[in-house]
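Below: one structure, written as C-alpha cells.
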Amino acid sequence: MSGTSARFEGVPEIFPIFPLTGAVLFPGGRLPLNIFEPRYLAMVDDAMAAGRMFGMIQPLPDTPRTANGPAIYRLGCLGRITAFSETDDGRYLITLTGLVRFEVVEEAEMRRGYRRVQGDVSAFRDDFAIQSNGAIGAPPLVSRELLTGALRRYFEAIGVDANWDAINEISDDALIVTLCMACPFSPIEKQTLLEARTDAERVRSLLAILEIHSRRS
C-alpha cells in the first residue's frame, strides 16, 4: 500500500469540526489556533486521544441557524494536531496541519458540546500528495515572476512591507498555500480558493483576487 493510500485509508468517517469564519485550512498548510471555549477544549482533548484530527470549516453567511448551530459550507479541510501546548490559564495553543479536504455528507450527533460530521474525502485524493517540505502535487501552472508581480502590487496596495528574502526561499506550492491562508481576503474569497478543484484553478483564482484587491485599494 502506498503512503498516499495509507493516509487516505486512515481518515475517519466521522470527525469533529471547528466552524470558524475566516480561518480556512488548506492541505499542507499550518494553522495556529488559540483554544479556550470549553466545548473546543473538550474537542481537542478527544482529538488528542484518537488520531489528533479534526476539521476546519466556515459558517455560511446570511443563512438561518440549524439545530446544531450556524449553517456551514459543504466543504472544509481535515487537519492533524502537530503542535500542542497548554497555558497557565487553561488554554490550548495548537498548530493544525492540513491533510485533505472533505465534503460534509451529514452532521453526526454532537459530543461534549462540539459538532461532528460524516465527511467524504474521496474526491480529494490528490490532497495527500504532500511532500515533507509542504509542497502539494505538481508545480502550479504559473511562473514565479507572474505570481510575485501580482503579490508586489497587492502588498503595495495594502501597505505591507514584505520580507522578500523569506518569500523567495519558499517553494511555489508552499507560497500559494501560505498566501491563501494568511492574506486578509474575505471569508468568501478564501472559500473560493479552498473549493478550487485543481492547482491551476486555485492559482487563477488567487491571481484574480490579488489583482482585484490591488485595484480596489
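The values are calculated or read from the model by the stated rules, or taken from the named source; none is laboratory data. Quick caveat, the model's predicted, so the values are computed rather than measured. Methodologically, a virtual Cβ is constructed for each residue, glycine included, from the backbone with ideal geometry; neighbour enumeration extends over all protein chains shown.
Select from the stretch 78-93 the residues that are more than 30 Å from Phe124 (Cα to Cα) and of a type outside the set (S, T, N, Q) and list them in ascending order.
Within the stretch 78-93, Glu86, Asp88, Asp89, Gly90, Arg91 meet the criteria.
With the requirement that a residue be under 17 Å from Ser186 (Cβ atoms) and either of a type in the set (A, V, I, L, M, F, W, C) or touching a Lys or Arg at 6+ places or on another chain (Cβ under 6 Å) (or both), what does the stretch 73-99 give you?
Selection gives Leu75 alone.
If you go through the stretch 159-187 one residue at a time, how many are loosely packed, with under 13 Cβ neighbours inside 10 Å and in a helix (DSSP H, G or I)?
Residues flagged as loosely packed, with under 13 Cβ neighbours inside 10 Å and in a helix (DSSP H, G or I) within the stretch 159-187 amount to 6.
Restricting to the stretch 58-68, and then to whatever is under 21 Å from the mean Cα position of the chain (by Cα) and surrounded by 15 or more Cβ atoms within 10 Å (Cβ to Cβ), can you tell me which residue is nearest to Leu194 (Cα to Cα)?
Gln58
Looking at (1) loosely packed, with under 15 Cβ neighbours inside 10 Å; (2) in contact (Cβ under 8 Å) with a residue 24 or more places away in the chain; (3) of a type outside the set (Phe, Trp, Tyr); (4) in contact with a strand residue (DSSP E or B) (Cβ under 9 Å, 6 or more places away or on another chain), which one does Ala108 not meet, given that it meets all the others?
Among (1) loosely packed, with under 15 Cβ neighbours inside 10 Å; (2) in contact (Cβ under 8 Å) with a residue 24 or more places away in the chain; (3) of a type outside the set (Phe, Trp, Tyr); (4) in contact with a strand residue (DSSP E or B) (Cβ under 9 Å, 6 or more places away or on another chain), the lone unmet condition for Ala108 is (1).
Can you tell me which of (1) closer than 18 Å to Arg115 by Cβ; (2) within 15 Å of the chain's Cα centre (by Cα); (3) surrounded by 16 or more Cβ atoms within 10 Å (Cβ to Cβ) is the one Gly28 doesn't meet?
Here Gly28 meets the rest and fails (1).
Looking at (1) within 18 Å of the chain's Cα centre (by Cα); (2) modelled with pLDDT of 95 or more, can you tell me which one Ala129 breaks?
(2)
Tell me, please, whether a residue that is in a loop (DSSP other than H, G, I, E, B) and touching a Pro at 6+ places or on another chain (Cβ under 9 Å) can be found in the stretch 9-19.
The answer is no, given that none of the residues of the stretch 9-19 is in a loop (DSSP other than H, G, I, E, B) and touching a Pro at 6+ places or on another chain (Cβ under 9 Å).
Please give the number of the condition Thr63 fails out of (1) hydroxyl-bearing (Ser, Thr, Tyr); (2) at pLDDT 95 or above; (3) part of a loop (DSSP other than H, G, I, E, B).
Failing condition for Thr63: (2).
Only one of Gly90, Gly55 is under 24 Å from Asp199 (Cα atoms) and either under 14 Å from the mean Cα position of the chain (by Cα) or surrounded by fewer than 17 Cβ atoms within 10 Å (Cβ to Cβ) (or both). Can you tell me which?
Gly55
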